[in-house]
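Accompanying notes for the structure given below.
The values are calculated or read from the model by the stated rules, or taken from the named source; none is laboratory data. Everything quoted here is computed from the prediction, not taken from an experiment. Cβ placement follows ideal geometry from the backbone for every residue including glycine, while neighbour counts extend to all protein chains displayed. Heads up: the accessible areas ignore ligands, DNA and RNA and are worked out on the full protein's heavy atoms, side chains in. Shrake-Rupley method; radii C 1.70, N 1.55, O 1.52, S 1.80 Å.
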Number of protein chains: 4
Amino acid sequence: MERLSPILDVLAPPDDDEHGPGWGHFGPAGAGHYVKMVHNGVEYGIMQAYAEGFSLFDACEYELDNAKIAHLWMQGSVVRSWLCELAARAFEQEGNDLARLEPYVEDSGEGRWTVEDSIDKRIPTPVITTSLYERFSSRGQNAFAAKVNAALRNQFGGHAVKAADPVAQREPHAE
Amino acid sequence: MERLSPILDVLAPPDDDEHGPGWGHFGPAGAGHYVKMVHNGVEYGIMQAYAEGFSLFDACEYELDNAKIAHLWMQGSVVRSWLCELAARAFEQEGNDLARLEPYVEDSGEGRWTVEDSIDKRIPTPVITTSLYERFSSRGQNAFAAKVNAALRNQFGGHAVKAADPVAQREPHAE
Amino acid sequence: MERLSPILDVLAPPDDDEHGPGWGHFGPAGAGHYVKMVHNGVEYGIMQAYAEGFSLFDACEYELDNAKIAHLWMQGSVVRSWLCELAARAFEQEGNDLARLEPYVEDSGEGRWTVEDSIDKRIPTPVITTSLYERFSSRGQNAFAAKVNAALRNQFGGHAVKAADPVAQREPHAE
Amino acid sequence: MERLSPILDVLAPPDDDEHGPGWGHFGPAGAGHYVKMVHNGVEYGIMQAYAEGFSLFDACEYELDNAKIAHLWMQGSVVRSWLCELAARAFEQEGNDLARLEPYVEDSGEGRWTVEDSIDKRIPTPVITTSLYERFSSRGQNAFAAKVNAALRNQFGGHAVKAADPVAQREPHAE
């Protein structure tokens with residue numbers, strides 16, 4: 001640790017009067033990785049929280065400027081954060097409706113491991129897990145469950161289903 | 001009530017030794033509607049529970065016969081239910097992969113009202129609410145939130161985004 | 001399989017005109033266990049769906065008879081099921097408000113494994129997972145997260161916190 | 001608006017080169033309130049995301065210093081935010097295990113309204129809603145649902161229930 005300190009001092013953010021050194025050592029082998037893994041799980045949750053807020057703005061009756069909101073939230077609001085700053089930048093670069101982007105969100109593992117760890121410990125992490133599942137769903141992984149729901153509604157209610165085949169769609173299966 | 005009883009006896013399922021009459025009166029004005037509204041909220045949750053189970057079968061490494069599973073579950077399993085019976089029928093009629101169906105699920109209001117009621121009462125209904133939101137998402141209502149997540153990932157990680165415009169997609173925005 | 005069939009015929013529910021044999025063979029080693037594991041995950045979701053419905057009845061302004069509702073739901077309603085039948089029985093035996101029972105729910109593993117499997121497959125199972133987490137929370141496993149929330153509210157809003165120590169409670173920490 | 005500007009300039013945070021003025025006007029009557037309401041919904045989600053992360057640290061096998069982690073996260077990490085800063089302060093003031101605090105979280109309405117609005121718009125807000133429900137649950141509002149789950153488990157599995165009355169607890173109801 002003492003041998004590594006000079007290197008870490010250079011790589012990490014500088015010491016900070018309020019927050020101390022820009023790096024930390026968290027104990028036995030694995031502890032540091034664990035802190036980083038959970039960091040990413042928390043990150044998923046925070047991102048999804050902002051994402052839901054902006055999706056309400058996108059759907060609402062007011063013509064709101066998402067970048068302007070994100071900038072305003074950076075000034076003294078409870079939700080000010082680096083991710084909020086990035087949101088401001090993203091809306092400026094991509095436009096208010098993010099038209100260029102596909103609603104497709106990858107994940108790189110830490111969120112999955114965080115959820116598995118939480119199950120292992122019997123600690124509920126509903127927000128982190130939901131954020132992970134929202135990423136899965138953005139990739140279409142919720143499609144079969146939706147089909148089952150549609151099929152069940154069709155069975156008991158004769159509710160029309162949307163069929164891939166337009167002919168079939170005109171003649172939905174009814175009880 | 002007494003005047004209506006003969007009519008209700010005809011309309012409702014017949015009396016049952018185990019479960020009593022096929023209709024019930026639940027008290028002051030509104031109580032019956034309330035019971036029916038919550039019934040539908042519960043229905044959403046049960047449907048989604050099966051839907052998730054079958055979506056695991058659909059994705060798993062075994063070649064499973066969903067109709068056969070639903071039929072087997074009807075015989076003595078804890079999850080036997082009328083909806084399970086309908087699932088068996090749906091898989092028989094639509095095929096094991098429900099190929100004809102769009103992953104698109106409507107809702108007709110009772111689920112929304114149930115959730116609003118639960119918020120009003122401060123009673124958590126996470127499964128019913130999640131089932132409702134899964135229906136919203138099946139209709140693409142989660143798309144903007146997914147775009148925000150993708151935009152944020154792109155901002156901090158330079159993660160490539162999937163762009164609607166293939167040219168843009170080849171040159172993802174990087175920090 | 002052929003050698004086992006006579007035994008399984010005796011152990012399992014009898015053949016059924018509608019649903020076929022009372023047991024099934026699902027393929028390679030592991031497939032049957034997999035179907036049973038997911039069965040239990042689905043079971044968690046269905047149980048929680050009913051639990052949320054009855055908790056709304058418990059909290060509502062009408063004086064509702066939960067056993068009567070469960071019996072009525074057994075007669076022709078969409079949510080009729082064996083678990084609904086058990087709910088009727090439970091309310092009859094334990095009383096309308098389940099006063100004797102602690103709000104404490106164990107789990108025996110299959111729900112956890114189902115969620116881990118869903119994460120492994122990137123298939124969202126929000127209802128099954130939520131039901132599992134509700135069980136964890138019923139055992140107090142959500143307590144530390146609630147304390148963090150309370151501490152954060154206290155920091156930014158000077159919102160009083162409920163302190164274990166009544167003296168401290170009278171003098172909440174304020175910014 | 002022009003008449004109010006000088007006052008708002010004094011009340012709000014000062015202009016900022018990066019983020020512009022410390023206050024904003026968002027359009028027709030109601031728009032500003034709407035932005036503030038959603039802000040608070042987002043706030044619930046972010047708080048719960050941190051809360052889940054720290055509850056994993058609390059439960060994990062490493063002896064982690066939560067304040068140290070929160071301080072480190074303030075230095076260049078993706079999740080740096082004002083709420084993370086408050087978390088550092090809260091752990092410093094209350095101790096690593098927040099022992100003085102009850103796991104009891106109030107809410108003041110904006111979260112409920114945000115969820116109702118999202119249902120009205122058919123926009124899924126699973127993280128914000130989950131965060132709200134976690135607050136309800138912290139106040140014991142999940143208790144009846146947990147009792148129903150316990151009663152159902154007891155019915156089908158003869159699983160022992162934890163009874164308030166210790167005598168009853170020794171003789172759990174069995175099928």
Count of the range D:140-167 residues which are more than 7 Å from chain C (Cβ to nearest Cβ), open to solvent by 50 Å² or more (accessible area, probe 1.4 Å) and either modelled with pLDDT under 95 or assigned to a helix (DSSP H, G or I) (or both): 3
Breaking point among (1) touching a strand residue (DSSP E or B) at 6+ places or on another chain (Cβ under 8 Å); (2) modelled with pLDDT under 95, for B:Gly27: (1)
D:Leu64 vs. criteria facing another protein chain (nearest Cβ under 7 Å), open to solvent by less than 10 Å² (accessible area, probe 1.4 Å) and of a type in the set (A, V, I, L, M, F, W, C): no
The lone exception for A:Glu52 - which of (1) open to solvent by 30 Å² or more (accessible area, probe 1.4 Å); (2) free of Cβ contacts under 8 Å to residues at least 12 places away in the same chain; (3) within 17 Å of B:Arg153 (Cα to Cα) it fails: (1)
Condition met for C:Ala29 (open to solvent by 70 Å² or more (accessible area, probe 1.4 Å), more than 7 Å from chain B (Cβ to nearest Cβ) and small (Gly, Ala, Ser)): yes
Residues (farther than 18 Å from C:Gln48 by Cβ, more than 7 Å from chain D (Cβ to nearest Cβ) and of a type outside the set (Phe, Trp, Tyr)) located in the range B:111-139: B:Asp120, B:Ser138, B:Arg139
Unmet requirement for A:Leu72, which otherwise passes all of (1) farther than 26 Å from D:Leu64 by Cα; (2) in contact with a Cys (Cβ under 8 Å, 6 or more places away or on another chain); (3) not charged (D, E, K, R): (2)
Hits in the range C:107-123 - residues which are out of contact with any Lys or Arg (no Cβ under 9 Å at 6 or more places or on another chain) and part of a helix (DSSP H, G or I): C:Trp113, C:Thr114, C:Val115, C:Glu116, C:Asp117, C:Ser118, C:Lys121
Selection status of C:Leu64, more than 22 Å from D:Arg139 (Cβ to Cβ), in contact with a Leu (Cβ under 9 Å, 6 or more places away or on another chain) and modelled with pLDDT of 95 or more: no
Scope the range C:85-126; condition on the phi > 0 side of the Ramachandran plot and either aliphatic (A, V, I, L, M) or open to solvent by less than 30 Å² (accessible area, probe 1.4 Å) (or both); matching residues: C:Gly95, C:Leu98, C:Gly109
Test: residue in the range A:80-93 that is under 28 Å from C:Thr125 (Cβ atoms), in contact (Cβ under 8 Å) with a residue 24 or more places away in the chain and out of contact with any Leu (no Cβ under 8 Å at 6 or more places or on another chain): no
Hits in the range C:7-26 - residues which are open to solvent by 80 Å² or more (accessible area, probe 1.4 Å), without any contact (Cβ under 8 Å) to a residue 24 or more places away in the chain and over 22 Å from A:Val148 (Cα atoms): C:Ile7, C:Asp9, C:Val10, C:Leu11, C:Pro14, C:Asp15, C:Asp17
Unique residue being more than 13 Å from the chain's Cα centre (by Cα) and crowded, with 23+ Cβ neighbours inside 10 Å when the list is D:Trp73, D:Trp82: D:Trp73
Residue list for the range A:94-119, filter: among the hydrophobic types (A, V, I, L, M, F, W, C) and touching a residue at least 40 places away in the same chain (Cβ under 8 Å): A:Trp113, A:Val115
Check on D:Met47, in contact (Cβ under 8 Å) with a residue 12 or more places away in the chain, surrounded by 18 or more Cβ atoms within 10 Å (Cβ to Cβ) and either at the interface with chain A (Cβ under 8 Å from one of its Cβ atoms) or of a type in the set (Lys, Arg) (or both): no
